Each structure stands twice: as structure tokens, then as C-alpha cells.
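**Q** Please see the structure below; I have some questions.
What follows is calculated from the coordinates using simple rules that are stated; it is not laboratory data. Since this is a predicted model, take the numbers as computed values, not measurements. For neighbour counting, all protein chains shown are included, and Cβ atoms are generated from backbone atoms with ideal geometry for every residue, glycine included.
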Amino acid sequence: MKDTFFKRITLFSSYLTIGFLILIVFSIFKEGIPGILKIGIKEFIFGRYWAPYLDTPQFGIYPLIVGSIFATLGALIVSIPLGVGTAIYVAEIANPKLKEIIKPFIEILAGIPSVIFGLFGMAFLGPLFVRLFNISTGLNLFTASIILGIMVLPIISSISEDAISSVPKDLREASYALGANRWETIIFVVLPKARVGIISAIVLGFGRAIGETMVVLMVAGGASRIPKSIFCPVRTMTATIAAEMGETMVGSLHFKALFGIGVVLFIITLISIMLSEFMRLKKV
Amino acid sequence: MKRRLFSFIGINFLRSSTLLSISFIFFLISIIILKGFQVINWEFITQPPKEFMTKGGIFPAIVGTFYLTFLSIIVASPIGILTGIFLVEYSRKNWFLSLIKITIGTLSGIPSIIFALFGLAIFVVLFRFGVSILSGGLTLAVMILPTIIKTTEEAIRTVPDNFREAAYALGAKKSETIIKVVLPVALPNILTGIIVSVGRAAGETAPILFTAATFYTRKLPKSIFEETMALPYHIYALMTEGTQAKSQVPIAYGTALVLLALVFLMNGFAIFIRYKMRRGKKW
């Protein structure tokens, strides 16, 4: 009797877990979809102006999508060479003792709350860049990309390292036996073999960067315009939700439009999660 | 000759990217520690803020973060552990197992601001909990759930099968075997996952933005239906609201150091338990 009862509790918990995900999707779409439809799908996605406080408010998220994508690409430009480089160094070159020092350091990085990165960017790195590059504001695409890049570095490096470490040893030995040196072995033998794993790490990093809120909210500057240079302030989808949701009336069109941004964001992250999982399972 | 040059450049590129990553972390942590220590004293930790956050301490934020984290762990742990047990001990290879796996993967990849929207729509508005510790704690609970499930699953999987077989041989039922044999062995590893989740829940800002957090209050929350200050939100508020940047930024650094210390303490504690556990293993 007690035996089936316990089994049922564990099954119930599993239902609950699935239920939470369904509830998340339901709650976002229930508010977001009517908002998007009322504004018009085309106007919502491709509208050039996000101006919710005007007398005739405009809810076009095109500049926000562009802001999110630029900040994310900027972050990847920083984190791919650093993250994959660190992964290769740890897996292929560093001796075991050094490895034991580097890996916890990267793990520490993954545990630092994002608001602390935001503080660092706002109070330290931003003002530093103002003096260094003689620009009007340190809160811009450039600063946000660097900090965001450092934030996603641990994801990219840890998953890449797993992929690199799982390349069979015989392949390396065969390469050395044919006269290749260490660098050539890494470039022509190890990396091609670990390619899929590394790409799936980058896709996962992309998903994390595009969904990150606090850093871009604090550091990216918050102008909902399409940036003309890397030193222009930008505004992302996540930052818009975070900055404006507190001041909206529950149920207003602005409220629904912010949930609409949530829908778009959810779909983008879902695609990146699926893509990354698919690649890891398939190992094409 | 050319080959050796390429090799030299390549290897050194890898070395310098590692060095750069590590020095950035080192640099960031040093800045927080150096600037944070300038404002931290006994009063800072035990007193409420004064004069619109330009003076005084952060005690209500520490208490608020404690409440939020505690509530989220209390809610997420049983659900997470039981789901983990189901995954290892009861599930069969079928569509339902795949569904749970996909759910966990998706939950752990959803941006924190989406959890904030979910918490707002469900707990604050639909359940009428309002902006409160309860709403914020539940939102955080759903967010840390996948981590707890995954660590529980891994922890239970590492328990050797002979333990289970021995229990069965002695006539134990399956539930007895799990509760009295498997769980005690897996417990330290499960605890590690929970402690790491504590660190994560304590540091998250976005999910509590519009479900639990408030900018300035001198009082401590009296019940879970009240809004609260919290450490991560306090840092954000100090940097973006108010007008006295000169006196607010140092307090933000101080708050960041307290939060960072809390998170590191949790992670260190988790590593310690894992280490102890590994040494104690005799099979």
C-alpha cells in the first residue's frame, strides 16, 4: 500500500514540474498574444518606434530586437575566442595542476550574480571607457557586450571543454605519429572532431546572452534607437520589460505589449535551447 | 620553420585568452572587495537605511533575501527531489520520460525575466498574493527547480545497484529501499545542489523586480504577504534610482560585497561537502 503511495507522490511531483512549464507558457502567451494581435503582428515586430508613453503610443519592437541581437553578437565576439580558447588550453595544454586552478576560477565566474556585473559595468568599466575612448557615455553597446561576453564565458568554455575532452586519445596519437606538432593536432584533428559540441556551446551561450536582463538594463544605456556605432546606447527586449513593467497598469495595452516581448523572447530562447540539445544528441 | 612559428603563435593565443579570462574575474572581484570594504562595518550590516538610502545600513535587505531564499528552497526542494527520484527509480524509457527531460532542459534555459512575467501574471495578479515575499519566493522556487532535479538525479544515479539489491534481499519494499538506503547515501550530493541553488536564488534580481522587491523601507517584513527589500535589488536600486550618486555608489559596492560573500560562502560550503563525501566513500 505504502509502496504505490510513494510512487504516486514522485509521479505527482513530475506532473507538477511539467505543469509549471505549461503555466509559464500559458501565462506569457495569454497576455502577450492578444497584445500582439491588437497592435498588429507586422507593426509589433517591424515597427520602428517603441514609445509607450506618447498620447498615441507606438509599440514597435524592431529597435529592441536589433538592440538584443547586437548586444548578443557583441558578447559572442568577446566570449567565443576567450571561452573556446580557455577550453582548448585547459583540455589540451595545461598540466593537471594548472587545470585544477583554472577550472574553479571559471566556475566562480558562473556563480557571480548578474547584478554585480551590472554594478561593475556602471560604476567602474563605463567611466573608465569614457576617459579611455573620449566618448560621451560609458553606458553603451560596447561596454554591455564586453560584460555580457564575460558572463557567458563559463557556459561556452565548460561545454566546449567537455566536447574537446571527449575526443578519443588515439586520434591525437595518430596525428603525432604522422609528424604533426601540438598546434596542428589541435587545429586539424581535435577541433574538427569537437566541432558540433563547440557549436552547441555557442548556441547555448547565445540563448543565455539574449535572455540576460540586469547587465543590459544597467549598462547598455537604454535608448530604443537603432545604434549607429558601437559606442551608441542601446536597449534590449529584456531591459525594456524590466524597466517598464513596474509602471504599467495591469491589463493595459502597454502591459500586454511587454508580455508580447516576452513571447518573442521565449520563442527565440526555445529555438536556441532545442537547437543546442539537438546538436548534442545527434553529434552530426 | 613556418610550422613552428604558427604553433608558437597559436599556443600563445590560447594561453593569453585563458590568462585574460582569469585576470578579468580576478580584477572584478578585487574591485568589489576593495570598494566594498570601505563602507562595511557593523552598523552597515545591522542597521536599516537612512535618509533615502544615502546613509545607514542594509539590514532589511539581508533579512529580505534570507526570507525569499528560504521560501524558495522550502518549496522547490521536495518537488525537485521527488521528481529526481521518479526519473531514476520509477520512470521507464518512454515518451513521458522524454517529456520531463525536455521540460527540465527548457526550464533551465528560460531567461529570468520570463520567470518574472510568469510570477507577475500568476502569483501577483491571478492568485492575488500581490507584490510580496510569497510571490517572489514562489517565482524563485520555479526558477531553481531544474537545478535541484538535475543534481538529485545525478546523485541518485551514483548510488551503486548492489545497495538496492541488498535491501531487496533483506525483504525491503521499493519505497523503503529508496527512503532508507538510496536517499541517505545520495543525500550529501543532493545537499550540494540545494546549497548551490541557495546561492543562485539569493543573487537573482530580475525575477523579484515586480513580484517582491521594494526600493526603500525601514521596517522589516512582518509576514510573507508584505513586499521586501533584497540584496540584489538593492544594488540595482542604488545605481538607478535616487539622486545622490556620490553617496549611493559606495553603498552599492558594500551591498555587492555582502551578496558576493554570501554566494561564495554557499558555493564553498557545497564544495566542502562534496569533498568530505568523496573522502568518506568506501566503495
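**Q** So who's got an amide H within less than 5 Å of the one on B:Gly56, skipping anything under 5 residues away but keeping other chains? H placed 1.01 Å off N, in plane.
**A** So B:Gly56 has HN proximity to B:Lys50.
**Q** Moving on. For A:Ala94, list long-range residues whose amide hydrogen, built 1.01 Å from N in the peptide plane, is under 5 Å from its own amide hydrogen.
**A** The answer is none.
**Q** Between A:Ala257, A:Ala220, A:Ala51, where does the largest GNM mean-square fluctuation fall for chain A, given springs only between Cα atoms within less than 10 Å?
**A** Sorting by GNM fluctuation, first place goes to A:Ala51.
**Q** So if I take the alpha carbon set of region B:188-283, get Rg, then get Rh from the Kirkwood formula, what is the Rg over Rh ratio?
**A** When Rh is taken as the Kirkwood radius, the ratio is 1.12.
**Q** Follow-up question, since we're still on this one. Roughly what percent of Cα-Cα pairs across region A:133-226 reach past 19 Å?
**A** Of the Cα pairs, 56 percent sit more than 19 Å apart.
**Q** Rounded to whole Å and sorted largest first, list the principal axis extents of the Cα atoms in region A:62-192.
**A** 57, 32, 27
**Q** Here's something else I'd like to know. Quickly work out the B:Phe6-to-A:Glu247 label distance, labels modelled 7 Å from Cα along the C-beta direction, and quote it in nm with one decimal.
**A** About 5.7 nm, to one decimal.
**Q** Pairs of alpha-carbon atoms within less than 8 angstrom and 6+ residues apart define the contacts here; what relative contact order does region A:39-152 have, in percent?
**A** Once divided by the residue count of region A:39-152, the mean separation gives 29 percent.
**Q** Another question about this same structure. Taking each residue in A:116-128, count the Cβ atoms of any other chain within 10 Å of its Cβ, then average. What number comes out?
**A** Mean shielding count: 6.
**Q** What FRET efficiency comes out for A:Gln58 versus B:Arg128 if R0 is 51 angstrom and r is the Cβ-Cβ distance? Round to the nearest 0.05.
**A** After rounding to 0.05, the efficiency reads 0.95.
**Q** Compute the longest continuous run of chain B that contains no exposed trypsin sites (Lys or Arg not before Pro); treat a site as exposed when its DSSP state is not H, G, I, E or B and it has at most 10 other Cβ atoms within 10 Å.
**A** Counting at most 10 other Cβ atoms within 10 Å as exposed, the longest clean stretch of chain B is B:1-91.
**Q** Distance from a point 7 Å along Cα→Cβ of B:Glu154 to each backbone N in region A:253-280: keep the residues under 19 Å and list them by number.
**A** Residues A:277, A:280 fall inside that zone.
**Q** Stokes-Einstein diffusion coefficient for chain A at 37 °C in a medium of 0.692 mPa s, Rh from the Kirkwood formula over Cα pairs: what value in µm²/s?
**A** Rounded to a whole number, D works out at 154 µm²/s.
**Q** For the protein assembly as shown, take the alpha-carbon Rg, divide it by the Kirkwood Rh, and send me Rg/Rh.
**A** 0.98
**Q** Turning to a different aspect of this structure: Cα extents of region B:59-193 along the three principal axes, largest first, in whole Å?
**A** Projected onto its principal axes, the Cα set of region B:59-193 covers 53, 38, 22 Å.
**Q** Next question, about the same structure. For the Cα atoms of chain B, what angle does the longest principal axis make with the long axis of helix B:2-37, in degrees from 0 to 90, nearest 10?
**A** 60
**Q** Now for a separate question. Among the chymotrypsin sites (Phe, Trp or Tyr not before Pro) in region A:1-110, which ones are in a DSSP loop with at most 16 other Cβ atoms within 10 Å of the Cβ? Mind listing them?
**A** A:Tyr49, A:Tyr53
**Q** When we measure straight from the Cα of B:Lys50, which aspartates and glutamates land under 13 angstrom away, once same-chain ones fewer than 8 places off are left out?
**A** none
**Q** Between B:Leu20 and A:Phe26, what is the label-to-label distance in nm when each label sits 7 Å out along the Cα-to-Cβ direction?
**A** Simple spin-label model gives 4.8 nm for this pair.
**Q** Defining a contact as two alpha carbons under 8 Å apart and six or more residues distant in sequence, what relative contact order in percent does region A:50-282 show?
**A** 28
**Q** Apply the Karplus parameterisation 6.51 cos²θ - 1.76 cosθ + 1.60, with θ equal to phi minus 60°, to every residue of region A:193-204 and state each ³J(HN,Hα) to the nearest whole Hz, in sequence, with x for glycine and proline.
**A** 5, 8, 3, 4, x, 5, 5, 5, 5, 5, 4, 5
**Q** Ok, one more. Relative contact order for region B:42-280 using alpha-carbon pairs under 8 Å, separation at least 6, rounded to a whole percent?
**A** It comes to 28 percent, rounded to a whole number.
**Q** With everything on Cα atoms, drop me the angle between helix A:62-88 and the longest principal axis of chain A, reported from 0 to 90° to the nearest 10.
**A** On a 0 to 90 degree scale, this one is about 20.
**Q** What share of Cα pairs, in percent, lie more than 21 angstrom apart in region A:220-284?
**A** Summing the P(r) of region A:220-284 above 21 Å gives 46 percent of all pairs.
**Q** Run the numbers for A:Lys103 and A:Ala177: contour at 0.36 nm per residue of separation, minus the present Cα-Cα distance, in nm.
**A** Using 0.36 nm per residue and subtracting the Cα-Cα distance, I get 23.6 nm.
**Q** If you don't mind, there's one more thing I want to ask. FRET efficiency for A:Ser229 and B:Ala261, Cβ-Cβ distance as r, R0 = 51 Å, nearest 0.05?
**A** That gives a FRET efficiency of 0.85.
**Q** Straight-line reach from B:Lys276: which aspartates and glutamates have a Cα under 19 Å away, not including same-chain ones fewer than 8 places off?
**A** Hits, sequence-local ones excluded: A:Glu100, B:Glu154.
**Q** Over region B:42-280, what portion of Cα pair distances is larger than 32 Å, expressed as a whole percent?
**A** Pairs farther apart than 32 Å: 30 percent.
**Q** Enumerate the amide H contacts of A:Trp50 below 5 Å, restricted to partners 5 or more residues apart or on another chain; note that Pro and chain-start residues carry no placed amide H.
**A** It is A:Gly60, by chain and number.
**Q** PRE reach from A:Met274 (point 7 Å along Cα→Cβ): which of region B:85-108 fall under 20 Å by backbone N?
**A** Flagged as within label range: B:95-108.
**Q** Still on this structure, please answer the following. So if we plug the beta-carbon distance of B:Tyr275 and B:Ser98 into 1/(1 + (r/R0)^6) with R0 = 51 Å, what FRET efficiency do we get, rounded to 0.05?
**A** According to the calculation, E is roughly 0.90.
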